[in-house]
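Everything on this sheet refers to the single structure shown next.
What follows draws every value from the coordinates through simple rules; no lab data is involved. Model, not experiment: these values are computed from the prediction. Please note: Cβ atoms are built from the backbone with ideal geometry, for glycine as well, and neighbour counts cover all protein chains shown.
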Amino acid sequence: MKILVVNAGSSSLKYQLIDMETEKVLAKGGCERIGIRGSLLKAKGNGGEKVFKENMPNHKVAIELVLDALLDEEIGVIKSMDEIDAVGHRIVASGEYFKKTTLVTPEVITTLEKTFELAPLHNPAAATGLKACIEVMPNTPMALVFDTSFHSTMPEKAYLYGIDYNDYKEFGVRKYGAHGTSHKFVAAEAAKYLGKTPEELKIVTCHLGNGSSISAVDGGVCVDTSMGFTPLAGVLMGTRSGDIDASAVEFLARKKGLNHSDMVTYLNKNCGVAGISGVSSDFRDLCAGAKKGNERCQLALDMFAYQVKRFVGSYAAVMGGLDCIVFTAGIGENTPCVREDVCKGLEFLGVKFSSKANKAKNDGSIREISKGNSKVKVLIIPTNEELVIARETAELL
Ligand code: AMP
């Protein structure tokens, strides 16, 4: 079975074609600048790479080009479009409308449109990509795979805000979380690596990238997560503030003369480690800055690790124990000082951290960075969100 995974943004469309027997990526690539002058598709497959500099006025043309690349004489990996058994679409937000991966029908598309206001930058773009795929591949089953599904098991006491319950009911304002496919993948991989079933383990998964979220996974299900109604909540991130007192937001808006929407843009784009350091949102720049003695770069790194640690500790308390901490995504997989600062001082929980293993080169495999006799295992696990989308789509079929 071959599954095409599609991740559509407003002007981009990334894809992977995955063979489900071997779980190998047969081809992958992305269209950039859809609807903008200078659009192009960078495609890999069959051991080769090709750039298609074609005009892509819309997502339909983009997906047609992707299929051309998959069928291409040199880098193509299929002989006919019929070899694609299904398409799995990544959807950022589900609201309370969808709890799990869902097969696309006309009714499902109508319901998907109701989620647009929850993720105005992402969900309308994903729906555009979905409709384009349906037009080009009308007989191929399509599935929606939600970033939020893995968090749908959170209990009410974890996902509710302390607001008027009627407002939650009427407007759906609650915590939904994000990065669910990644948390799900690394938690399952951790269990496999440790030779246990997911039911036996209490895991804190730390997805630390440009957007960062931490989840408590108890017995294989998510019981809490750090992101909220939107991915602005939780720890401070590249440019996002993370959690902040709502009254401070109102105060700042007044002082800066910003309206509601500008204020949310400020919190999303001008804050986080970029705002604290005044240097960059990229942890590579922060590490380099701190090494040269830039105190604000060091402060940004310290704040980030402190806030992640705070979630690790509180989630151990929530689960009544801890067997494993997992680090994943750009920062989690590549920034040793963050992992060390998060785990330092957690000996009381049973963490015996190995600084030596932590500093070993990233070879893309699962790495254990706790000492052999550590009660709590600390693992680095490369995430693979596309594979989860493909697996969920295949399971649905
Ligand atoms: P992601 O959103 O998972 O792609 O993560 C992106 C962030 O990870 C970047 O902004 C960097 O801060 C960090 N990152 C990615 N690669 C590296 C690396 N090789 N070394 C240090 N940090 C990295």
| field | Karplus-derived HN-Hα couplings along segment 53-70 (A = 6.51, B = -1.76, C = 1.60, θ = phi - 60°), whole Hz, x at Gly and Pro | value | 9, 10, 5, 10, x, 8, 5, 5, 5, 4, 5, 4, 5, 4, 5, 4, 5, 5
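Based on the Cβ-Cβ distance of H260 and V221, what FRET efficiency does E = 1/(1 + (r/R0)^6) give at R0 = 35 Å, to the nearest 0.05?
Working: r = 35 Å, r/R0 = 1.01.
Taking R0 as 35 Å, the efficiency between H260 and V221 is 0.50.
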| So how do 225-232, 206-213, 186-193, 262-269 stack up, highest first, on mean other-Cβ count within 10 Å? | 206-213, 225-232, 186-193, 262-269
| task | Decide, for segment 13-124, between rounded, prolate and oblate: order the square roots of the alpha carbon gyration tensor eigenvalues as a ≥ b ≥ c, take rounded if a/c falls under 1.5, and otherwise choose prolate if a/b is larger than b/c, else oblate. | result | oblate
| said: Full-extension gain between N270 and A317, please, as 0.36 nm times their residue separation minus the C-alpha to C-alpha distance. | reply: 13.6 nm
| Say each of T111 and K99 gets a label point 7 Å from the Cα, pointing the same way as Cα to Cβ; how far apart are those two points in nm? | 1.1 nm
| message | Residues of segment 196-219 with the amide nitrogen closer than 17 Å to a label point 7 Å from the Cα of K375, along Cα-to-Cβ, please. | response | 201-204
| Rh (Kirkwood; distinct C-alpha pairs) - segment 258-349, Å | 14.6 Å
| query | Any idea what the dipole of the chain comes to, in debye rounded to 20, about its Cα centre with Lys/Arg Cβ at +1 and Asp/Glu Cβ at -1? | reply | 1360 debye
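Which order do peptides 169-176, 236-243 fall in by mean Cβ count within 10 Å, highest first? Don't skip to the answer; put the middle values down first.
Numbers: 169-176: 16.4, 236-243: 21.9.
Per-residue Cβ counts within 10 Å, averaged per peptide and sorted highest first, yield 236-243, 169-176.
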| request: Provide the percentage of antiparallel DSSP beta bridges, counting only those with both residues in segment 1-145; round to the nearest 5. | output: 75 percent
| Against the longest principal axis of the chain, how steep is helix 123-136, in degrees 0 to 90 to the nearest 10, with axes from Cα atoms? | 30 degrees
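Relative contact order for segment 34-83: what percent, with Cα pairs under 8 Å and sequence separation of 6 or more? Write out the running numbers ahead of the final one.
Numbers: 68 pairs, mean separation 16.9, N = 50.
Here the relative contact order equals 34 percent.
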| message | Exceeding 27 Å between C-alpha atoms, which entries from my cross-link table qualify? They are K255/K344; K53/K79; K157/K196. | response | K255/K344; K157/K196
| query | Hey, in the GNM for the chain with a 10 angstrom Cα cutoff, which one of G47, G35, G321 fluctuates hardest? | reply | G47
| request: Could you grab the relative contact order for segment 94-236? Cα pairs under 8 Å, six or more apart, rounded to a whole percent. | output: 22 percent
| field | Approximate spin-label separation L252-V51, in nm, with each point projected 7 Å along Cα-to-Cβ | value | 3.8 nm
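What number comes out for the charge environment of K344, summing +1 per Lys or Arg and -1 per Asp or Glu over other residues with Cβ under 13 Å away? Intermediate results must be reported in sequence, preceding the final value.
Values: positive: K309, R339, K352; negative: D302, E340, D341, E347.
Summing Lys and Arg as +1 and Asp and Glu as -1 gives -1.
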| task | Before rounding to the nearest 500, sum -39500 (n - 2.57) across all DSSP H runs of length at least 4 in the chain and divide by the residue total; then give [θ] at 222 nm in deg cm²/dmol. | result | -11500 deg cm²/dmol
| note | The summed charge of the S10 Cβ neighbourhood (under 15 Å; Lys/Arg +1, Asp/Glu -1) stands at +4
| query | Once both labels are modelled 7 Å past Cα along the beta-carbon direction, what's the K24-S365 spacing in nm? | reply | 1.9 nm
| In whole Å, how far is the Cα centre of segment 309-341 from that of segment 192-212? | 9 Å
| note | Tilt, helix 246-256 to longest principal axis of the chain (alpha-carbon atoms), in degrees rounded to tens, equals 80 degrees
| Share, in percent, of DSSP beta bridges within the chain that are antiparallel, nearest 5 | 70 percent
| When we measure straight from the Cα of K269, which lysines land under 16 angstrom away, once same-chain ones fewer than 8 places off are left out? | K256
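Kindly provide the trypsin sites (Lys or Arg not before Pro) of segment 25-125 that DSSP labels as loop, not H, G, I, E or B, and whose Cβ sees at most 10 other Cβ atoms within 10 Å. Intermediate values should be presented prior to the final figure.
Working: sites: K28, R33, R37, K42, K44, K50, K53, K60, K79, R90, K99, K100, K114; in loops: R33, R37, K53, K79, K99, K100, K114.
Loop-located and lightly packed - R37, K53, K79.
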| request: Mind telling me which of T153, T110, T128 comes out most flexible in a GNM of the chain, alpha-carbon contacts under 10 Å? | output: T110
| Once all Cα-Cα distances of the chain are split into 10 Å bins that start at 0, what whole-number percent is in each one? | 5, 21, 30, 28, 14, 2, 0
| request: Give the angle, between 0 and 90 degrees and rounded to the nearest 10, that separates the Cα long axis of helix 295-319 from the longest principal axis of the Cα atoms of the chain. | output: 90 degrees
| note | Counting only backbone N atoms under 16 Å from a point 7 Å out along Cα-to-Cβ of N210, the residues of segment 173-200 in range are 179
| query | Relative contact order, percent, of the chain when contacts are C-alpha pairs under 8 Å separated by at least 6 residues? | reply | 14 percent
